[in-house]
Structures are given as C-alpha cells and as structure tokens.
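Read the structure below first, then the notes.
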Amino acid sequence: KRTKIRHKLYDNYINIHLRTGDVFRKMHNNKYVIPLSYYDKIIKYLKKNNINNKNLLIISGWHYNMNDKDGKQSKKKSLKYIEDIKNLFEKNGYNVTTRLNEDPDEDFIIMSNSKYFVQSGGGYSRLIGKIIKYNDNTVINEDTIK
C-alpha cells in the first residue's frame, strides 16, 4: 500500500542490493560482502537468460556510525566495493545508477517492486527476495546462477 509512483521508477531495472558499511569492519569470515566474481556470474546469467535490460540500479547504505576511525575505513571500503561493481557492469554495457544511504524503508519498497532483483547476503535482502518471488518476478542469487 505504501508503493507510490516514485517507487516504480526502477521497477523495470535490474536492481542490485549490496550489503556494505559495518560489514567491512570485520572482513574475516564475512558472508555479507560477496566477491566481484559473483557479479561476473550474474552478468553471464543475464546474458544467457536473455535479460536484455541495460538499466541497473545499485542500492546500498550503512546504518551504523561511520564517523569513528573504523567507520571511516568501512565507508571508504564500502564506496570502493560499490564503485568496483558499478565499473564491472558499465564495462559490460549497463547503464548504472546508484542509490546510496537513502531511507531504508523507501529502498525496501523500490527493491520489492523489482522485476529483476540481485540478492546479496543478509536477512534484509532475503526478505526482499521473498517478496519478489511472491510477485512472480525474478530473484537472482547464488542458487539461480549455478
């Protein structure tokens, strides 16, 4: 019911959620930060399955204090990670837009209205994936790209 016209601006995009921010504080055994090789596989999956939409939205943000020493390093690593993924898709012909540190409820609504949703690690992304499936749209994750 909260979906408005502004939330549907990206409904026909390939929408990618990236878990960033605090997860870069503890890089050992980190299940949230997915390697770039995963996104190479995503690109191959899109091509193989004739998903020809070239508009892509990357959504990410951080919800913890990023002003202390560790936070500033985490923010720097987060921005580098986002930029690396953006560059990878742009090199493969995608028009990439980013939505960073916006209202997480608004992000949730935008991603839940996705026709194509690339899932990342964590419960937030899994929950969005469930909504996408419920709406008979496409969730792309480790299971679908095998």
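Assorted remarks:
- Cross-link pairs beyond the 31 Å C-alpha cut-off, checked among LYS8/LYS44; LYS41/LYS75; LYS8/LYS72; LYS69/LYS146; LYS72/LYS115; LYS48/LYS76: LYS8/LYS72; LYS69/LYS146; LYS72/LYS115; LYS48/LYS76
- Size descriptor for the stretch 31-146, Kirkwood hydrodynamic radius: 15.1 Å (Cα pairs only, one decimal).
- Helices in the chain, meaning DSSP H runs of at least 4 residues, each add -39500 (n - 2.57). Divided by all residues, the mean residue ellipticity at 222 nm is -12500 deg cm²/dmol.
- Per residue, the chain exposes 59 Å² of solvent-accessible protein surface, assessed with a 1.4 angstrom probe and all protein chains in place.
The values are calculated or read from the model by the stated rules, or taken from the named source; none is laboratory data. Remember, predicted model here, so these are calculated numbers, not experimental data. These area figures cover heavy atoms from the full protein model, side chains too; ligands, DNA and RNA do not enter into them. Shrake-Rupley method; radii C 1.70, N 1.55, O 1.52, S 1.80 Å.
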